[in-house]
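The values are calculated or read from the model by the stated rules, or taken from the named source; none is laboratory data. Quick caveat: nothing in here was measured; it's all calculated off a predicted structure. All Cβ positions, glycine included, derive from the backbone under ideal geometry; neighbour counts span all protein chains shown. Please note that ligands, DNA and RNA were not included when accessible areas were found on the heavy atoms of the full protein model with its side chains. Shrake-Rupley method; radii C 1.70, N 1.55, O 1.52, S 1.80 Å.
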Amino acid sequence: MTYAGDLTQAEFDTLLDRKGGPAVVVHGGAGTRPDVDPSPYFEGTRRAAEAGLRVFLQGGTALDAAQAAAVVLEDDPFFNAGTGAALTSEGEVELDASCMDGTTLRAGAVACVKTVKNPILVARRVCDDTPHVLLCGTGAEAFARECGIPAIANSSLVTARQRARWDELHALALKEGADSVRRKIGTIGAVAVDAKGHVAACTSTGGTMYKRPGRVGDTPIIGAGTYADDHEAAASSTGLGEAIVKVTMAREACAFVRDGASPRQAAIDAVGLLRARAHGEGGIVVAGPDGRLGWAWNTPRMSRALIRAGMSSPKAAV
């Protein structure tokens, strides 16, 4: 695995194992390529973590903090969520997102939305303003309009970088078949814990590159891509969604914490489960109610950052 970080791995482990909130940890996806400049991923994850802590310092909840961090990453074109997300085989963006509040177990999610800039905001409104957990497609978009979230053109979410990648894959798909090129993975997510032990999680993605239209991975599935329970932990997954769904990775990570593992060990065990049982690639970030944090991945890179109250700046790694 390639490693680049603000601290050594041992220093990160010490910081992850420190107790006490508030704290925020984010990931920019386990699909970060090892052959690209890591600088934008450092910068993006640092800004996201900092935005989350800022919300805490202004009196916001853990869910508010995780959401704020997720919005920063959705708006950053280097990450596979919101603006700059992966394109379907038809050349469009289809977005998924979810959130969960560990205090009440309230959760909200959207899937396959095309006309929303920040799907995590719609997921939050599903959580707060409806009796439902998951809305998809045109129904989710209609709900967004009811909430006053403006419609945008799908083309505004498409970046030149992703269009160029799509052109390459499309040409390859015509020769080798579409399923042969659907391998890229990437998601963004954030987990947060406040000073009282309340936890929350948010996750957002554009899914796999060149995916079939209508494909839904783990991100909007509560228990797979996102989970939070004050009696256990909060977790956000990234990686091959079909494999993550099969092992309900976020829920399993939280259960490991409930059963006595540290969040750092729980993350390692959850990724180990992903590999052993579903032969999947991915990663996860975890926050426990005692303020300890964790992350793990089995891909070449996973961009990530954390910040705690009292730290002058976030610490990041790729």
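3J(HN,Hα) along the stretch 115-123, derived from phi through the Karplus expression 6.51 cos²θ - 1.76 cosθ + 1.60 where θ = phi - 60°, amounts to 10, 10, 6, 10, x, 5, 5, 6, 4 Hz, with x in place of Gly and Pro. Specify the inter-centroid distance of the stretch 263-318 and the stretch 137-157, based on alpha-carbon positions, in whole Å. The two parts, judged by their Cα centres, are 32 Å apart. Bridges between two residues of the stretch 37-148, per DSSP, are antiparallel at a rate of about 60%.
Structural descriptor for the stretch 55-200: relative contact order 28 percent, calculated from alpha carbon pairs under 8 angstrom and at least 6 residues apart. Remark: the chain carries a charge dipole of roughly 260 debye about the Cα centre, counting +1 on each Lys and Arg Cβ and -1 on each Asp and Glu Cβ.
Of all DSSP beta bridges confined to the chain, the antiparallel ones make up roughly 90%. Compared with the alpha-carbon gap, the fully stretched path from ARG33 to ARG258 is longer by 77.7 nm at 0.36 nm per residue.
Contact order, relative form, for the stretch 115-237: 19 percent (alpha carbon pairs under 8 Å, 6 or more residues apart, mean separation divided by residue count).
Estimated from the Cβ-Cβ distance and a Förster radius of 45 angstrom, the FRET efficiency linking ASP290 and ILE152 is about 0.65. For VAL116, the residues whose amide H sits under 5 Å from its own are ILE152, ignoring neighbours fewer than 5 places away on the same chain, with H placed 1.01 Å from N. Phi angles of the stretch 213-219 translate, via the Karplus equation with coefficients 6.51, -1.76, 1.60 and θ = phi - 60°, into HN-Hα couplings of x, x, 5, 10, x, 7, 3 Hz per residue; Gly and Pro are given as x.
Dipole orientation for the chain: of the candidates ALA305, PHE42, GLY189, PHE42 has the Cα lying most toward the positive pole (charges on Cβ; Lys, Arg +1; Asp, Glu -1). Cβ-Cβ distance of THR104 and ARG18, R₀ of 25 Å, FRET efficiency by 1/(1 + (r/R0)^6): the value works out to about 0.40. Ranked by the mean number of other Cβ atoms within 10 Å of their residues, highest first, the peptides 99-106, 156-163 fall in the order 99-106, 156-163. Helices in the chain, meaning DSSP H runs of at least 4 residues, each add -39500 (n - 2.57). Divided by all residues, the mean residue ellipticity at 222 nm is -11000 deg cm²/dmol.
With a Förster radius of 25 Å applied to the C-beta separation of ALA164 and GLU43, the computed FRET efficiency comes to 0.70. Each peptide in 80-90, 144-154, 22-32 was scored by the mean count of other Cβ atoms within 10 Å over its residues; highest first, the order is 22-32, 80-90, 144-154. With the highest mean first, a sort of the peptides 114-127, 193-206 on other beta-carbon atoms found within 10 angstrom per residue produces 193-206, 114-127. For the stretch 44-127, which whole-number percentage of the solvent-accessible area (1.4 Å probe, protein heavy atoms only) is attributable to carbon and sulfur atoms? Of the solvent-accessible surface of the stretch 44-127, carbon and sulfur hold 53 percent. Over 26 Å between Cα atoms: which of LYS175/LYS211; LYS19/LYS246; LYS114/LYS211; LYS117/LYS211; LYS196/LYS315; LYS211/LYS246 fall into that group? Check vs 26 Å cut-off fails for LYS19/LYS246.
In this simple spin-label approximation, ALA171 and ALA195 carry label points 7 Å from Cα along the Cα→Cβ vector, and these lie 5.7 nm apart. Neighbours of ALA81 by Cβ distance under 12 Å: Lys/Arg scored +1, Asp/Glu scored -1, total -4. Mean sequence separation of contacting Cα pairs (under 8 Å, at least six apart), scaled by the length of the chain, corresponds to a relative contact order of 27 percent. Projecting the Cα atoms of PRO263, PRO289, THR226 onto the dipole axis of the stretch 199-290, where Lys and Arg carry +1 and Asp and Glu carry -1 at the beta carbon, places THR226 farthest toward the positive end. Entry comment: accessible area of the stretch 85-154 is 37 Å² per residue, from protein heavy atoms only and a probe of 1.4 Å.
Looking at the square roots a ≥ b ≥ c of the eigenvalues of the Cα gyration tensor of the stretch 38-113, which shape do they give, rounded for a/c under 1.5, prolate if a/b is larger than b/c, or oblate? It is oblate, given that a/c is not under 1.5 and a/b is not larger than b/c.
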